[in-house]
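Student: The structure's right below; bear with me while I get my questions together.
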Amino acid sequence: SEDKIRENKLETPIRWIDGQDRYKYLLATPDISVKDLVGYIDAIKVAKKGVEMYKIDSYSPGQLMQAKHGIFCIDELPVLDPRKQVALLSVLQEGRFTTGSYPVIFEPKTAFFATANPIDYTHSGKVIEPLYDRLKSHIHTHYPKTIEDEMMIILQEANLSKSLISDSLLKTLAMVTQKMRNSTQINQEKGVSVRLGIHGLELLVGESERTRALSKKVLSVPRISDTHCLTQVIKFELSELDDTIKNREKIFNELLDESIKEICLAYLEDVDNTLLETIKQEFVEKTFQVSQNFIWKNGQTSYSNQLEKFSNLKNLVESKIETIKSSQNILKQQVEHYKINTQNVELLEKLEDELRSALVEIILEGLCWTTPKILDKNEAGYVSA
């Protein structure tokens with residue numbers, strides 16, 4: 001480039017390089033060499049073009065020089081062994097390194113940053129102290145500290161088809177993730193990733209589509225009866241019990257039940273005990289059937305049709321419709337505040353029926369957790385306690 005400027009002077013053509021082209025990303029793997037990072041003297045150029053060994057034309061630039069006047073990111077820096085990190089340090093700090101027996105001197109002029117897990121899951125190494133010391137800023141990230149933050153991240157990162165994610169379900173997912181991070185039975189050194197909640201939400205939407213949306217021609221609204229699929233996302237390590245799949249599922253289901261209990265009981269906080277007792281009485285010798293395959297309307301087992309046989313339960317459900325709508329609107333406002341797409345939280349009129357189905361399951365589940373207990377749950381459905 002210097003030769004071109006000398007030859008063409010003010011007539012030298014220039015081209016704007018936008019941000020994406022100035023960004024160089026490298027995922028550190030064990031097979032990356034020093035040459036890949038900083039470059040090397042190219043013997044082929046020397047032999048074929050007759051370039052002198054000490055000329056810059058004989059040099060094939062590595063990733064670092066290709067990022068000149070740009071941004072260079074190394075993901076998972078500890079994976080690079082110390083020798084490669086020393087070469088990187090030499091260039092960034094001194095502007096020189098040696099390839100073979102030839103010194104190569106250049107000023108990086110690169111904004112360099114790297115990532116590393118707090119604990120290296122591959123046990124492949126760590127960042128050497130001199131390099132660690134010369135990185136000007138150290139930013140330590142952390143897991144979401146509040147349920148709201150967890151909810152927003154899950155919703156932002158999940159890849160979802162058209163559906164309605166209710167506030168209660170999203171909160172349940174965020175809550176169980178947070179409970180897992182606070183559990184003494186789970187290895188907190190390994191941690192519980194936000195991806196557990198993200199993948200969990202994607203699974204719930206897929207489960208809702210599989211069981212209802214596609215066959216019943218309704219839009220997907222995940223609900224409590226879909227949550228059994230969440231055992232697929234139990235990506236954590238136990239600290240006290242034997243770390244087996246069976247024990248993981250046991251701990252996860254306990255924490256999931258706790259979360260569902262908290263969410264469902266919140267809908268029954270202001271309900272009069274007299275009404276609860278009348279609901280218990282009308283369940284005598286009756287069963288309210290619940291299934292992933294049931295929807296609000298269409299058939300004898302539809303939730304709306306079953307509610308006709310339980311007048312007091314129906315009144316309770318009707319009294320809580322505005323509550324669940326209000327919480328959904330609040331969720332939408334939160335999502336808008338963080339500039340996240342509201343497509344999957346916006347309550348459209350055509351989605352209200354399936355939201356009612358979700359509400360029915362919330363109330364039925366809550367009635368199993370009240371003191372005194374109103375309902376019991378068995379394989380057939382919900383019955384009087």
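Student: Being without any contact (Cβ under 8 Å) to a residue 60 or more places away in the chain, within 23 Å of residue 328 (Cα to Cα) and among the charged types (D, E, K, R) is the requirement here; does residue 270 meet it?
Tutor: Working: without any contact (Cβ under 8 Å) to a residue 60 or more places away in the chain: yes; within 23 Å of residue 328 (Cα to Cα): yes; among the charged types (D, E, K, R): yes.
It is true that residue 270 is without any contact (Cβ under 8 Å) to a residue 60 or more places away in the chain, within 23 Å of residue 328 (Cα to Cα) and among the charged types (D, E, K, R).
Student: For segment 311-356: of the residues being outside any helix (DSSP H, G or I), within 21 Å of residue 224 (Cβ to Cβ) and touching a residue at least 60 places away in the same chain (Cβ under 8 Å), which is farthest from the chain's Cα centre (by Cα)?
Tutor: 347
Student: If you don't mind, another one. In segment 136-177, which residue that is of a type in the set (Lys, Arg) and surrounded by fewer than 17 Cβ atoms within 10 Å (Cβ to Cβ) is nearest to residue 112 (Cα to Cα)? Show your work before the answer.
Tutor: Start the filter on segment 136-177 by keeping residues that are of a type in the set (Lys, Arg), which leaves 136, 145, 162, 171.
Next, only the ones that are surrounded by fewer than 17 Cβ atoms within 10 Å (Cβ to Cβ) stay: 136, 145, 162.
Details: 136: 10, 145: 29, 162: 39 Å.
This residue is 136.
Student: Turning to a different aspect of this structure: Would you please name the residue that is modelled with the highest pLDDT, looking only at residues in segment 84-131 that are among the small types (Gly, Ala, Ser) and surrounded by 12 or more Cβ atoms within 10 Å (Cβ to Cβ)?
Tutor: Here is the first cut: in segment 84-131, the ones among the small types (Gly, Ala, Ser) are 87, 90, 95, 100-101, 111, 114, 116, 124-125.
In the following step, the residues that additionally are surrounded by 12 or more Cβ atoms within 10 Å (Cβ to Cβ) were identified as 87, 90, 95, 111, 114, 116, 124-125.
Values: 87: 84, 90: 82, 95: 76, 111: 88, 114: 92, 116: 88, 124: 60, 125: 74.
Among them, the one singled out is 114.
Student: Conditions: (1) surrounded by 14 or more Cβ atoms within 10 Å (Cβ to Cβ); (2) within 26 Å of the chain's Cα centre (by Cα); (3) acidic (Asp, Glu). Residue 365 meets all but one. Number of the miss?
Tutor: All conditions pass for residue 365, except number (2).
Student: While we're on this one: If residue 259 passes every condition in (1) under 24 Å from residue 173 (Cα atoms); (2) surrounded by fewer than 16 Cβ atoms within 10 Å (Cβ to Cβ); (3) not hydrophobic (A, V, I, L, M, F, W, C) but one, which one does it miss?
Tutor: (2)
Student: Let me ask something else. Mind listing just one residue for me: the one in segment 236-256 that is part of a loop (DSSP other than H, G, I, E, B) and not aliphatic (A, V, I, L, M) and, of those, surrounded by the most Cβ atoms within 10 Å (Cβ to Cβ)? Step through it out loud before you land on a result.
Tutor: Within segment 236-256, the first condition is being part of a loop (DSSP other than H, G, I, E, B), and the residues that meet it are 236-237, 239-244.
Imposing the further condition that a residue be not aliphatic (A, V, I, L, M) reduces the set to 236-237, 239-240, 242-244.
Working: 236: 22, 237: 13, 239: 14, 240: 12, 242: 8, 243: 13, 244: 10.
Across segment 236-256, the extreme among qualifying residues is 236.
Student: Here's another thing I want to ask about it. Can you name every residue in segment 286-310 that is farther than 28 Å from residue 210 by Cβ and touching a residue at least 40 places away in the same chain (Cβ under 8 Å)?
Tutor: Initially, segment 286-310 is screened for residues farther than 28 Å from residue 210 by Cβ, giving 286, 308-310.
Across segment 286-310, the qualifying residue is only 286.
Student: Filter segment 262-282 down to the residues that are part of a loop (DSSP other than H, G, I, E, B) and surrounded by 14 or more Cβ atoms within 10 Å (Cβ to Cβ), then identify the one that is nearest to the chain's Cα centre (by Cα). Break it down into steps so the answer makes sense when it comes.
Tutor: Kept after step one, since they are part of a loop (DSSP other than H, G, I, E, B), are these residues of segment 262-282: 267-272.
Within this subset, residues satisfying the condition of being surrounded by 14 or more Cβ atoms within 10 Å (Cβ to Cβ) are 267-268, 271.
Values: 267: 27, 268: 31, 271: 36 Å.
The qualifying residue nearest to the chain's Cα centre (by Cα) is 267.
Student: Quickly run through segment 75-98 and pick out the residues that are within 13 Å of residue 38 (Cα to Cα) and either touching a Ser or Thr at 6+ places or on another chain (Cβ under 6 Å) or outside any helix (DSSP H, G or I) (or both).
Tutor: 95, 96, 97, 98
Student: Is one or more of the residues making up segment 170-183 among the β-branched types (Val, Ile, Thr) and closer than 19 Å to residue 339 by Cα? Steps first, please.
Tutor: Of all residues in segment 170-183, those among the β-branched types (Val, Ile, Thr) come to 172, 176-177.
So of that shortlist, the ones also closer than 19 Å to residue 339 by Cα come out as none.
No.
Student: Among what's in segment 283-308 and is under 16 Å from residue 363 (Cβ atoms) and aliphatic (A, V, I, L, M), pick the residue that is surrounded by the most Cβ atoms within 10 Å (Cβ to Cβ).
Tutor: The selected residue is 290.
Student: Separate question: Is at least one residue of segment 158-174 touching a residue at least 24 places away in the same chain (Cβ under 8 Å), small (Gly, Ala, Ser), out of contact with any helix residue (DSSP H, G or I) (no Cβ under 6 Å at 6 or more places or on another chain) and not assigned by TED's automatic domain parsing to the domain that holds residue 94?
Tutor: Within segment 158-174 (the criterion being touching a residue at least 24 places away in the same chain (Cβ under 8 Å), small (Gly, Ala, Ser), out of contact with any helix residue (DSSP H, G or I) (no Cβ under 6 Å at 6 or more places or on another chain) and not assigned by TED's automatic domain parsing to the domain that holds residue 94), the answer is yes, since at least one residue qualifies.
The values are calculated or read from the model by the stated rules, or taken from the named source; none is laboratory data. Only a predicted model underlies this, so the values are computations on that prediction, with no experimental measurement involved. In this analysis, Cβ positions are derived from the backbone assuming ideal geometry, glycine residues included, and neighbour counts consider all displayed protein chains.
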